[in-house]
Amino acid sequence: MSGLPLPEESPALADEYAAAREREGSVMAILRAMGPRAELVRAFLALADAALYGPAALSRREREVLALATSQANGAAYSAGIHAALLEELGADPGARDQALIDFARRLTLAPREAADAVADLRAHLSDDEAYDAIAVVGLLNLANRAALATGITEADDLR
């Protein structure tokens, strides 16, 4: 661990942590890695709901493909483990489209200066709306991965 203490239960985070327990059965460490400011936790959850779970041009499974590929590219074991399990529940569909999503997530994550070329390559497989969804998911996961890596969270940091 980095020495940066993760937020514990507090009055400021009580509503967010209670909602997380109701939703997931625990407070996932990634919420704790967002820090002690409830407004940041709420904003992160709203973005995650919109990018990963809400209505989108990309399927829920395709968004998990992007989430997993981004987390793996970052070496973020905590996030990769979570998204691998979610993707397994949604089923595999290895094909050219999935490979295009994986390649895009890795390239945008590891070589952000190549973003325009990465999007151009992705558009050979996806519509513009789907490409926007892919950008949102990769951006969200890069934020989450940076917080996870900077705080050194593991599943042991989830609050039950």
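Quick note: the coordinates plus some simple rules give every number you see, no bench work behind them. All values reported here derive from a predicted model rather than from experimental measurement.
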Regarding the chain, what whole-number volume in Å³ per residue does the convex hull of its Cα atoms give? 109 Å³
Theoretical gain in end-to-end length, residue 117 to residue 10 [0.36 nm per residue, Cα-Cα removed]: 34.0 nm
Helical contribution to [θ] at 222 nm, DSSP H n ≥ 4, -39,500 (n - 2.57), averaged over the chain, rounded to 500: -20500 deg cm²/dmol
